[in-house]
Amino acid sequence: MKRLLFVATAIMMLLVTGCKEERKTTAVVDNSVADSLQKIIVQKDNEINDMMSTLNQIQEGFRQITEAENRVNIVKDGERTDKAQQIRENIEFISNTMKHNRELIEKLRQQVRESSLKGDQLKGTIETMIKQLDEKDQQLQQLRAELDSKNIHINELDEQITNLNKNVTTLTEETKQKTQTISNQDKQLNTAWFVFGTKKELKEQHILQKGDKVLQSNFNKSYFTKIDIRVDKEIKLYSKSAKILTMHPSSSYTLQQDANKQYVLRITNPDIFWSTSKYLVILVK
C-alpha cells in the first residue's frame, strides 16, 4: 500500500513539473516571436520614415521651383533695372533645384526597390514626379529661348559664350604661331649668303683654301652677307675683275660690267641659281 502511494506521489510530481516546463517553453517561444515581430515593425518604420523624408525633400524642391518660376515671371514683366541679373539668378536656382530633385527621386526609387514593403502606390507617385520634372524641363527650355530672344542670357549661356571666345582666342593664337612658323620656315628656305673678296681676304677667312678649294671646312660664316633670294637679285661687286668660285648654273645669271666697268651679278632665275648651293663666293681683284 505504501509502495503504491509512493508511486502515485511520484507520478503527480512529474505531471506538475511537466506542466511547469511546458508553460516555460511556451513563454520563451512567445517572447522570441514578439521580438522578431518588433524588429520587423521597427525595420518597416525606419523604411517608411526614410522614404517619407526623401519624399518631403522632393516636394519641398518642387515648391521652391514654383516660387522661383513666379519670381521670374514677376521680374520679367516688371521695370526693374537689374531685371537681367534677377532672372539669371532665378533660372540658375531652378536648374540646380531640378537637378537635385532628380537625384532625390532616383534615391527614393532605390529605397522602394530595396524595401520589404509593397510600394506600388509610391512607384506611381515617383513616375508622376518624373513626368512633372520633365514638364518643368520643357518650360525652362522655352523660357531660356524667350530670354535669349530678348538678349537676357543666363549664366550657362554666358559661360558657353565665354568658353567659345576663349576657344577663338586660342585658335587665333595657334594660327598666329603657325603663321609665324611658316613665315620663318619660308624665310629660311629663301635665305642665301654671299661674299666677294680678294684671294687673300678669302683665304684669311678660310673660305678659299689651298688648291683653290672653296668652302671645304671651318670657314667663317659670319663673313658672308645674308640675302632674301626672292628680293635680292642684283649684287654689285665694285671690281673690274670678277669670277664666281661656287657652282651655279650659268643659264640662271649674268655677270656684266656697268658704266664704270665694274662687274654686277644679276640673278635671272633665283630658284635654279640657288638650287645647287645657298652660299655664293666671288673672287674679285
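The values are calculated or read from the model by the stated rules, or taken from the named source; none is laboratory data. Note that the coordinates shown come from a computational prediction; the quantities given were computed from them, not determined experimentally. Note that we place each Cβ from the backbone using ideal geometry, even for glycine, and neighbour counts take in every protein chain shown. Calculation scope for accessible area: heavy atoms of the full protein, side chains included, ligands and nucleic acids excluded. Shrake-Rupley method; radii C 1.70, N 1.55, O 1.52, S 1.80 Å.
Collect the residues in segment 182-192 that are open to solvent by 70 Å² or more (accessible area, probe 1.4 Å) and either at pLDDT 90 or above or among the aliphatic types (A, V, I, L, M) (or both), keeping them in residue-number order.
At the first step, the residues of segment 182-192 found to be open to solvent by 70 Å² or more (accessible area, probe 1.4 Å) are 182, 184-185, 187-189.
Selection gives Ile182, Leu189.
Filter segment 199-226 down to residues that are in a strand (DSSP E or B) and in contact (Cβ under 8 Å) with a residue 12 or more places away in the chain and give me whichever is least open to solvent (accessible area, probe 1.4 Å).
Leu208
Hey, does segment 159-171 have a residue that's open to solvent by 60 Å² or more (accessible area, probe 1.4 Å), over 30 Å from Ile87 (Cβ atoms) and either modelled with pLDDT under 70 or in a helix (DSSP H, G or I) (or both)?
Going through segment 159-171, the residues open to solvent by 60 Å² or more (accessible area, probe 1.4 Å) turn out to be 159-171.
With over 30 Å from Ile87 (Cβ atoms) added as a condition, the list becomes 170-171.
Remaining after also requiring either modelled with pLDDT under 70 or in a helix (DSSP H, G or I) (or both): 170-171.
Yes, segment 159-171 contains at least one residue that is open to solvent by 60 Å² or more (accessible area, probe 1.4 Å), over 30 Å from Ile87 (Cβ atoms) and either modelled with pLDDT under 70 or in a helix (DSSP H, G or I) (or both).
Of everything in segment 267-285 that's touching a Phe, Trp or Tyr at 6+ places or on another chain (Cβ under 7 Å) and under 18 Å from Trp193 (Cβ atoms), which residue is most open to solvent (accessible area, probe 1.4 Å)? First the steps, then the outcome.
Start the filter on segment 267-285 by keeping residues that are touching a Phe, Trp or Tyr at 6+ places or on another chain (Cβ under 7 Å), which leaves 267-268, 273, 278-280, 282, 284.
Those left that are additionally under 18 Å from Trp193 (Cβ atoms): 267, 273, 278-280, 282, 284.
Numbers: Ile267: 11, Phe273: 0, Lys278: 66, Tyr279: 47, Leu280: 0, Ile282: 0, Val284: 14 Å².
The residue in question is Lys278.
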